[in-house]
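Contents: one structure, followed by commentary.
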Amino acid sequence: MALVTITNVWKYYGKTVAVKDLNITCKDGEFVSVLGPSGCGKSSTLRMLAGLEHISAGDIRFGDTRVNDLEPKDRDIAMVFENYALYPHKTVYENMANPLRLRNESEDTIKKRIAFAAEMLEIEYLLQRKPMELSGGQKQRTAIGRAIVREPKLFLFDEPIAHLDAKLRARMRGELKIMQRRLGTTMIYVTHDQLEAMSMADRIAVMNNGVLQQFGTPQEIYNHPVNEWVAGFVGEPPMNFIDCDLIEEGGGFYAVHSAFKVAVPADQAAKLRGALKSSGVRMGIRPDQMAISLGQEGAAKGSIKITEPLGGDTLVDVDLKGAHHVLVKTDADFRGQMNNSCSLNFDTSRWHFFSKETGVAYF
Amino acid sequence: MSSRDAVVYKTPLSRIWTIFTVIFIAFYLLWTLLPLVIMTFSSFKDLLAAFQLPPVGAFSEIGLFFNFTPTTKHYYNLFVNLGFTTYFLNSIIAAGGSAIISVVLGSMCAYALSRYEFRGKSDLFFWIISTRMAPVVAVLVPLYAIFRGMDLIGTQAGLILAFTTFNLPFAIWILKGFFDNVPYAIEEASMVDGSTRFQAFRAILPLVAPGIGAFVILCILFAWNDFLFASIIGSGGAKTLPPATVELVQPQNIQWGSIMAAGVITTLPMMLLGLLIRRYLVTGLTMGAVRE
Amino acid sequence: MVPTGSGSARPTTHNGEHYVDGARVIEYLPSSLNALPSSRYYLWLMAPALILLAAITLYPFFWLIWMSLQNVGAGPETEFVGFKNYIRLWADDKFWTGWVLLFKYSFFCLLFEITIGVFLAVVLNGHRFENILITIFLMPMMMAPAIAGLVWYYLFNSTFGWYHWLFQSLGILGETSIIGSTETAMAGIVIVDIWQWTPLITLITLAGMKRVPRDQLEANMVDGASAVRNFISITLPNIYPFLLIAIMLRFMDNFRFIDVIMRLTGGGPAEVTKVLPVYLFDVSFVFFKLGRGSAIALTLLIVTIIFGKLLVKVFENPASKRIDQGN
């Protein structure tokens, strides 16, 4: 039963602040990902959860217990480090056995739990090898195995698959998710890769520069980002941002740009009331939320800069009048070539508007 | 991977170079070994043979050097009559004692310095390393006066303490570098696994053990070979081999055979130790600045 | 306070919520901080070593300062004389000569040791017998300097020394031993230093040469460089930090060790080899003028400290690290 509560937590390294006023609550059995670029404070947060860093201000609670002053060994957690941190002079078996030996578990229990973990991670044949003889992926599984045998209340994973090659990473994403569901242990997973977070987590905490930007399900983060930064960070290829003006005309709202004038649906217009007074808004739209066609019939007119056929899709880099590098994702059989004129149609039910001054999302 | 592994083309110039290098190496071998060979041979020569020289310019008679009947009487003399067994033991005790103290205290301190960040750390370093570089003679003056006042002159303890003035900072400095090379993540993993901080320290000991072993030997080497501290502070009860050897040089009738034998006794163990820690010599002698 | 993506409009900032580059930032400070963890554990680990070190280094240092202001007479009493010792030093020829000789000695030792040492490294690098040879060449370093001094005294002796016989036979020297003449005595002590410590230079240079990035050498070769060119323009600049360390270390060691000089010449003949530490030894332990000796010792220590600061700068950027980072 681990309900992790992070309340008003700050982390200072000397005079530098790494984490500012963080508030997160994790439910029991939940897979929470802490996502953000390097330096955003996610690793510091994880280490504070583990007890490896002092909590400069605020509290962390596991269930009802305040853990600020508890040593790592008393917190009933297990951690997987970014560089695996295996004991180089012990075999895989001994590496996994170490946490259990430290707690004086019986040899029987140790053997059973290691067998269970080794089977789940498919490393039974490696048990007598030393870390030096293992590949990156095998070392990572050993590190995960060492965490599993503990049967702790909380898993803390620090970018565990960052150093694996792309194919292996893709495979591990699925396997880690299955593993966590099977074990039912609460997991806090730190990563800088938004694809990992999106595909694995129940909820994602997106951080930047020590500040929590948004905490929600992958759907919420993807479809309803609360500010421009989150919108641009999540999603690959990233969201396009086009500055335009907002005018009221004939009872309706229009987004006006040198390349287009598009009507804003009525239900969205209500939220944009306050934006009329400002000097324009920033419109955000994802590459797969636009339709591109050759010729000039669509709403936004421009020309093709370059096309990138990806096999299953094609990415088209479009130059609109007054807006460059608008990325559009379309089918593989798109026929457009460089310098062809083209036009785009926006899916106005899926687009976003952000304040130009602050970046806060209107919707 | 040496730069010589790059493809080498045999030109006439390179043949000349190869011949030249062979000559140079032969020469340097001779230059290096000759004093050692002469010392060893002389230790087995009785007095008359030791002083035998061919006439000036008579190169053909160099063989005279080998013309003698070897005798072990100098060695016998040293150990039985001149008390060199005691001196040998004194050397072991003083060098070993100082090495152990330095490495035990030094490794604890080095570990803390490696893991713990605090202000003034680089000032601390500077102090530590400057104690290692201080001229022995300069340190000798106050140490002698202070130890005299504390009745430490001529005692094993006093000498061990004196050796520690250069061995302890050396140990701290080098061992800190060793601990720096062990990623802290392993101790963190250990602590998350359930160990206390001290148990985590024990968990990484196997990783630094070979290095620590090598530096114990290096400390012994420096202390064993020391002359100034040993002769001024260790004189009397704690005399070690180097000052004892030097004292064999009397104003008249110098016993060169015994002196050379004493030289062999003092030098041979250290050469063997040097072979043992060959890998760590560069790091040790350059205070960690150069890593092989 | 934290937006959870429900989609409601939030176009303004409130309660210290600012935005920079479209992301939320926090400008305020925490209301209170948690108590810092105690670092007692680490302090306990460091304490024994540091206390011992302070006792045997700091205390003597202050003793030196105090003593240098005293005059040590015939009896056990000392008399406070202020800076008199230092003033006398200023006028003392032997003091200044001591410095000059010390630098002269170090200079010549280093000159030969670097030249021969680096050359030896070039010859040995990649050689078939490199390991065995270098192990043999290391042997002189294992010898106690005092013993080395005795052995070479034996070798240089004008009556029965084989090396003297060699010098005479080659016509380099006359009857007087190399260490018996004021012109050649310095050469004598330099020779012994070279014999003992050149291999160290070689070792350091080899360590540096092995770290020279292969691709730089290969690129240069493709560009048409000969082996000599390669050495001068690629290898040398890369091993320069190593050589710097070697030079500084040997320089400092020449300050520290006088064992060889004491055995060979004792500072003579006619004080031509009386480098400053030897003079210090005489003043303190032969004439027992501990007050003046302390003053001399202090000057030596201060110069050591200055060089130490330089050395630490070099150490904090170890040669290996710099070369791996592309210098």
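The values are calculated or read from the model by the stated rules, or taken from the named source; none is laboratory data. As the structure is a prediction and not an experimental result, all values here were calculated from the model. Cβ atoms come from the backbone with ideal geometry, glycine included; neighbour counts cover every protein chain shown. Please note that ligands, DNA and RNA were not included when accessible areas were found on the heavy atoms of the full protein model with its side chains. Shrake-Rupley method; radii C 1.70, N 1.55, O 1.52, S 1.80 Å.
Considering the range C:218-248 alone, what residues qualify as being within 9 Å of chain B (Cβ to nearest Cβ), among the hydrophobic types (A, V, I, L, M, F, W, C) and free of Cβ contacts under 8 Å to residues at least 40 places away in the same chain?
C:Met221, C:Ala227, C:Ile234
Could you list all residues from the range C:135-155 that are facing chain B (nearest Cβ under 7 Å), assigned to a helix (DSSP H, G or I), over 14 Å from B:Ala244 (Cα atoms) and hydrophobic (A, V, I, L, M, F, W, C)?
The answer is C:Ile136, C:Phe137, C:Met139, C:Met142, C:Val151, C:Trp152, C:Leu155.
Examine the range C:264-272 for a residue that is facing chain B (nearest Cβ under 10 Å), buried (at least 23 other Cβ atoms within 10 Å of the Cβ) and more than 18 Å from B:Ala230 (Cβ to Cβ), and state whether such a residue exists. Don't jump to the end; show me each part of the working.
Residues of the range C:264-272 facing chain B (nearest Cβ under 10 Å): none.
No: the range C:264-272 contains no residue that is facing chain B (nearest Cβ under 10 Å), buried (at least 23 other Cβ atoms within 10 Å of the Cβ) and more than 18 Å from B:Ala230 (Cβ to Cβ).
Please list, ordered by first then second residue, the pairs with beta carbon atoms under 8 Å, 6 or more apart or interchain, first in the range A:113-140 and loosely packed, with under 14 Cβ neighbours inside 10 Å, second of a type in the set (Ser, Thr, Tyr).
A:Gln128/A:Thr91; A:Gln128/A:Tyr93
Considering only the range A:304-333, state which residues are open to solvent by 40 Å² or more (accessible area, probe 1.4 Å) and either within 14 Å of another protein chain (Cβ to nearest Cβ) or farther than 24 Å from A:Val281 by Cβ (or both).
Result: A:Lys305, A:Ile306, A:Thr307, A:Glu308, A:Pro309, A:Leu310, A:Gly311, A:Gly312, A:Asp313, A:Asp331, A:Ala332, A:Asp333.
Of the residues B:Gly177, B:Gly154, B:Gly158, only one is at positive phi, open to solvent by less than 50 Å² (accessible area, probe 1.4 Å) and more than 16 Å from the chain's Cα centre (by Cα); which?
Values: B:Gly177 fails: at positive phi; B:Gly158 fails: at positive phi.
Exactly one residue qualifies, and that residue is B:Gly154.
Output the residue which, of all residues in the range B:213-247 that are buried (at least 21 other Cβ atoms within 10 Å of the Cβ) and part of a loop (DSSP other than H, G, I, E, B), is farthest from the other protein chains (Cβ to nearest Cβ).
By that ranking, first place goes to B:Ala238.
Would you confirm whether any residue within the range B:188-210 is assigned to a loop (DSSP other than H, G, I, E, B), among the hydroxyl-bearing types (Ser, Thr, Tyr) and open to solvent by 20 Å² or more (accessible area, probe 1.4 Å)?
Yes.
If only one of B:Ser102, B:Ser60 is in contact (Cβ under 8 Å) with a residue 12 or more places away in the chain and either part of a loop (DSSP other than H, G, I, E, B) or among the polar types (S, T, N, Q) (or both), which one is it? Walk me through how you get there before you give the answer.
On the way: B:Ser60 fails: in contact (Cβ under 8 Å) with a residue 12 or more places away in the chain.
Among B:Ser102, B:Ser60, only B:Ser102 is in contact (Cβ under 8 Å) with a residue 12 or more places away in the chain and either part of a loop (DSSP other than H, G, I, E, B) or among the polar types (S, T, N, Q) (or both).
So which strands (runs of 3 or more DSSP E) are wholly in the range A:175-272 and hold at least 1 residues that are in contact with a Lys or Arg (Cβ under 6 Å, 6 or more places away or on another chain) and closer than 26 Å to A:Ile77 by Cβ? Can you show your working first?
Values: elements: A:186-191, A:203-208, A:211-216, A:240-249, A:252-257, A:260-264.
The qualifying strands (runs of 3 or more DSSP E) are A:186-191, A:203-208, A:211-216.
What are the residues in the range A:61-94 that are more than 28 Å from the chain's Cα centre (by Cα) and either at the interface with chain B (Cβ under 10 Å from one of its Cβ atoms) or touching a residue at least 24 places away in the same chain (Cβ under 8 Å) (or both), if any?
Passing the criteria: A:Glu71, A:Lys73, A:Asp74, A:Tyr87, A:Pro88, A:His89, A:Lys90, A:Thr91, A:Val92, A:Tyr93.
Which residue, of B:Thr40, B:Thr18, is modelled with pLDDT of 90 or more and part of a helix (DSSP H, G or I)? Step through it out loud before you land on a result.
Details: B:Thr18 fails: modelled with pLDDT of 90 or more.
Going through B:Thr40, B:Thr18 in turn, just one is modelled with pLDDT of 90 or more and part of a helix (DSSP H, G or I): B:Thr40.
With open to solvent by less than 20 Å² (accessible area, probe 1.4 Å) and either touching a residue at least 40 places away in the same chain (Cβ under 8 Å) or over 19 Å from A:Met198 (Cα atoms) (or both) as the only criterion, which of A:Ala97, A:Ala162 stands out?
Matching residue, one of A:Ala97, A:Ala162: A:Ala97.
Out of the helices (runs of 4 or more DSSP H) lying entirely within the range C:43-132, which hold 2 or more residues that are more than 25 Å from B:Ile129 (Cα to Cα) and within 11 Å of chain B (Cβ to nearest Cβ)?
On the way: elements: C:59-68, C:84-91, C:93-124.
Here the list reads C:93-124.
Quick one: is B:Leu30 modelled with pLDDT of 85 or more, in a helix (DSSP H, G or I), open to solvent by 70 Å² or more (accessible area, probe 1.4 Å) and out of contact with any helix residue (DSSP H, G or I) (no Cβ under 7 Å at 6 or more places or on another chain)? Don't jump to the end; show me each part of the working.
Values: modelled with pLDDT of 85 or more: yes; in a helix (DSSP H, G or I): yes; open to solvent by 70 Å² or more (accessible area, probe 1.4 Å): yes; out of contact with any helix residue (DSSP H, G or I) (no Cβ under 7 Å at 6 or more places or on another chain): yes.
Yes.
On the given criteria, is B:Phe125 within 7 Å of chain C (Cβ to nearest Cβ) and either closer than 20 Å to A:His54 by Cβ or assigned to a helix (DSSP H, G or I) (or both)? Walk me through how you get there before you give the answer.
On the way: within 7 Å of chain C (Cβ to nearest Cβ): yes; either closer than 20 Å to A:His54 by Cβ or assigned to a helix (DSSP H, G or I) (or both): yes.
Yes: the conditions hold for B:Phe125.
Assuming C:Pro199 fulfils every condition listed in (1) surrounded by fewer than 23 Cβ atoms within 10 Å (Cβ to Cβ); (2) within 12 Å of chain B (Cβ to nearest Cβ) apart from one, which condition is it?
In the conditions (1) surrounded by fewer than 23 Cβ atoms within 10 Å (Cβ to Cβ); (2) within 12 Å of chain B (Cβ to nearest Cβ), C:Pro199 misses (1) alone.
From (1) at the interface with another protein chain (Cβ under 7 Å from one of its Cβ atoms); (2) open to solvent by 20 Å² or more (accessible area, probe 1.4 Å), pick out the condition that doesn't hold for C:Leu280.
Of (1) at the interface with another protein chain (Cβ under 7 Å from one of its Cβ atoms); (2) open to solvent by 20 Å² or more (accessible area, probe 1.4 Å), only one is false for C:Leu280: (2).
Yes/no per residue for (1) modelled with pLDDT under 85; (2) in contact with a helix residue (DSSP H, G or I) (Cβ under 6 Å, 6 or more places away or on another chain):
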| residue | (1), (2) |
| --- | --- |
| C:Ile234 | yes, yes |
| C:Leu264 | no, yes |
| C:Tyr279 | no, yes |
| C:Phe285 | no, no |
| C:Val303 | no, no |
| C:Ser320 | yes, no |
| C:Asp324 | yes, no |
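Can you go through C:Ser181, C:Ser158 and tell me which one is outside any helix (DSSP H, G or I), more than 30 Å from B:Pro269 (Cβ to Cβ), in contact (Cβ under 8 Å) with a residue 40 or more places away in the chain and more than 9 Å from chain B (Cβ to nearest Cβ)? Show your work before the answer.
On the way: C:Ser158 fails: in contact (Cβ under 8 Å) with a residue 40 or more places away in the chain.
None of the other options fit; the residue is C:Ser181.
Condition first: within 13 Å of chain C (Cβ to nearest Cβ) and under 29 Å from B:Ile92 (Cβ atoms). Can you find one or more residues in the range B:184-197 that meet it?
no
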